[in-house]
Structures are given as C-alpha cells and as structure tokens.
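Asks: Take a look at the following structure, please.
The values are calculated or read from the model by the stated rules, or taken from the named source; none is laboratory data. Predicted model, so just to flag it, every value in this text is computed and none were measured. All Cβ positions, even for glycine, are placed from backbone atoms using ideal geometry, and neighbour counts span all protein chains on display.
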Amino acid sequence: MNQTARIKLSPRLQMAADMVRTGVVAVDIGTDHAYIPVYLLQAEICPDAVAADLREGPLANARATVSAYGLEQNIQLRLSDGFDNIGAGEGQDFILAGMGGTLIAELLGRTVWLKDSSKRLLIQPMTHAEDVREFLFKQGFEILFEKACFEEHRCYIAMCAQYKDDSPKPVSSAYYYIGELPACKTEASREYIKRQRLRLKKRTEGLEKSGQNPEEVKALREIIQEISEVC
C-alpha cells in the first residue's frame with residue numbers, strides 16, 4: 001500500500017463510506033473511480049474490496065486510482081452490470097452510491113441472494129429515495145439508520161439496510177419519503193425533509209391546477225400532513 005498519499009472523499013461519499021463495518025469485505029457497485037474502496041483500505045476499515053462498474057471507461061478510471069495508491073493486491077476490479085458479475089460470497093457490505101433510486105431498486109430486485117441478514121446494503125441514492133425505501137420495505141429489508149449531509153449547497157442522504165424477513169411491519173406512505181431521517185436530527189436531515197415536503201407540495205399544486213388525479217392529490221396531502229406532524 002502506498003502510505004505517502006491519503007485519499008480524501010467528498011462529504012457525500014464519506015457519508016456512505018462511514019457506514020461500512022470494520023473487518024468486512026466491501027463491494028462498491030458503480031464504483032467509477034474506486035474512491036470509496038481505496039479509502040476503506042487506507043483507513044484499515046476493510047482488508048479487501050471489490051470495485052465494480054458497468055462500463056469499461058469508469059473501470060479504467062478505477063484501475064488508475066487503485067494503481068496510484070498501490071492497492072492492486074487488495075482491490076479486485078470487476079466489469080459488472082449491477083450485481084450480475086458479483087458472487088454472493090464475495091462481500092458482506094454492498095455500497096450503491098451516486099445512482100438514481102429507481103435504478104438502485106431495479107438492481108437490488110435482480111439479486112435474490114442479498115436477502116441474507118449477514119449482509120448490509122449501504123445506499124446513497126441521488127434521486128427518488130422513496131423508490132428505494134418502498135422496495136426495501138416490500139422485500140423484507142429493514143432500514144437500520146439513515147444519514148444526511150450537505151455538499152456544494154445540495155443535500156444528500158444515505159441509508160443502511162439489512163434483510164429481516166418477508167413479513168415487514170406496517171409503515172405509512174410518508175415513510176417512503178423520509179424514512180429514518182427524523183431520528184437523525186441533524187441540520188442536513190431536517191433540510192432534506194423540508195425539501196421533500198416542498199417537492200411534494202409542488203407536485204400537489206401542479207396536479208390541482210391541471211385538474212388531474214384527484215385521488216393522488218388527496219394521498220399527497222395526507223403524506224405532507226404526516227411529514228409535518230412527524231417533524
């Protein structure tokens with residue numbers, strides 16, 4: 001390992017990296033430059049890691065980063081569409097950062113072996129986090145905790161999930177939009193919830209003006225009200 005240089009992560013990536021358990025092998029899906037795997041090894045959080053990406057270009061970037069820090073023996077590079085080229089026994093903590101929530105839910109849905117309580121999913125969706133939460137809930141996963149951070153005037157969230165069973169406890173529709181963030185109680189989490197509420201309000205107002213989907217308008221108003229009460 002190259003000890004002369006230490007990689008520095010952006011707040012968004014640092015938030016996801018901080019969720020990884022000590023001593024596990026981490027798999028970074030959609031790794032791009034492999035910044036998170038390199039950080040995890042340099043910080044001695046993980047002994048080994050897998051850096052996977054769908055395209056050759058990002059994987060070449062990852063290879064350059066891994067080589068620059070002298071970690072070729074500890075970080076495997078893998079060309080893979082989501083989990084398609086990842087074995088069930090190759091890691092314990094699986095990172096999905098920087099992708100849209102709808103895509104993340106699709107990739108998780110194709111990977112049945114993730115329903116294993118010894119594994120954890122560390123998810124940092126760029127958009128539509130509600131799609132991820134809804135998928136996790138309906139597939140028997142439990143969101144253990146969530147975090148939020150600011151980066152360049154934007155607000156990002158990340159969640160840690162683990163498979164529990166196929167009989168999940170009931171949750172409200174509002175949960176899909178705010179998840180475990182109320183328990184986070186940080187400025188960033190409060191701001192994220194505020195922006196979610198504003199987003200839903202704008203959606204509701206747009207539907208009302210167009211006279212479309214009165215049932216959706218009613219449901220959205222109930223969600224907005226519940227978010228206001230919870231927070």
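Asks: Being surrounded by 19 or more Cβ atoms within 10 Å (Cβ to Cβ) and closer than 28 Å to residue 155 by Cα narrows it down to one residue among 20, 66, 24; which is it?
Replies: On the way: 66 fails: closer than 28 Å to residue 155 by Cα; 24 fails: closer than 28 Å to residue 155 by Cα.
None of the others qualify; the one that does is 20.
Asks: Among the listed residues 142, 134, identify the single one that is touching a residue at least 40 places away in the same chain (Cβ under 8 Å) and at negative phi.
Replies: On the way: 142 fails: touching a residue at least 40 places away in the same chain (Cβ under 8 Å).
Sole residue among the options that is touching a residue at least 40 places away in the same chain (Cβ under 8 Å) and at negative phi: 134.
Asks: Another question about this same structure. Looking only at segment 170-188, filter to residues that are within 17 Å of residue 127 (Cα to Cα), outside any loop (DSSP other than H, G, I, E, B) and not hydroxyl-bearing (Ser, Thr, Tyr); which one of those is farthest from the chain's Cα centre (by Cα)?
Replies: 188
Asks: Something else now. Select from segment 172-224 the residues that are among the polar types (S, T, N, Q) and either surrounded by 12 or more Cβ atoms within 10 Å (Cβ to Cβ) or in the same structural domain as residue 150 (by TED's automatic domain parsing) (or both) and list them in ascending order. Write out each step before concluding.
Replies: Residues of segment 172-224 among the polar types (S, T, N, Q): 172-173, 186, 189, 196, 204, 210, 212-213.
Hits for segment 172-224 are 172, 173, 186, 189, 196, 204, 213.
Asks: For segment 144-173, name all the residues that are at pLDDT below 95 and among the small types (Gly, Ala, Ser).
Replies: 167, 172, 173
Asks: Might you check whether a residue that is over 15 Å from the mean Cα position of the chain (by Cα) and either over 15 Å from residue 27 (Cβ atoms) or basic (Lys, Arg) (or both) occurs anywhere in segment 74-82? Explain how you work it out, then say what you get.
Replies: Residues of segment 74-82 over 15 Å from the mean Cα position of the chain (by Cα): 74-81.
Imposing the further condition that a residue be either over 15 Å from residue 27 (Cβ atoms) or basic (Lys, Arg) (or both) reduces the set to 78.
Yes; the residues of segment 74-82 include at least one that is over 15 Å from the mean Cα position of the chain (by Cα) and either over 15 Å from residue 27 (Cβ atoms) or basic (Lys, Arg) (or both).
Asks: Kindly indicate whether any position in segment 32-47 is part of a loop (DSSP other than H, G, I, E, B) and in contact with a Cys (Cβ under 9 Å, 6 or more places away or on another chain). Reasoning before the result, please.
Replies: Of all residues in segment 32-47, those part of a loop (DSSP other than H, G, I, E, B) come to 32-34, 43-47.
Filter once more, keeping what is in contact with a Cys (Cβ under 9 Å, 6 or more places away or on another chain): none.
Looking for residues that are part of a loop (DSSP other than H, G, I, E, B) and in contact with a Cys (Cβ under 9 Å, 6 or more places away or on another chain), one finds none in segment 32-47, hence no.
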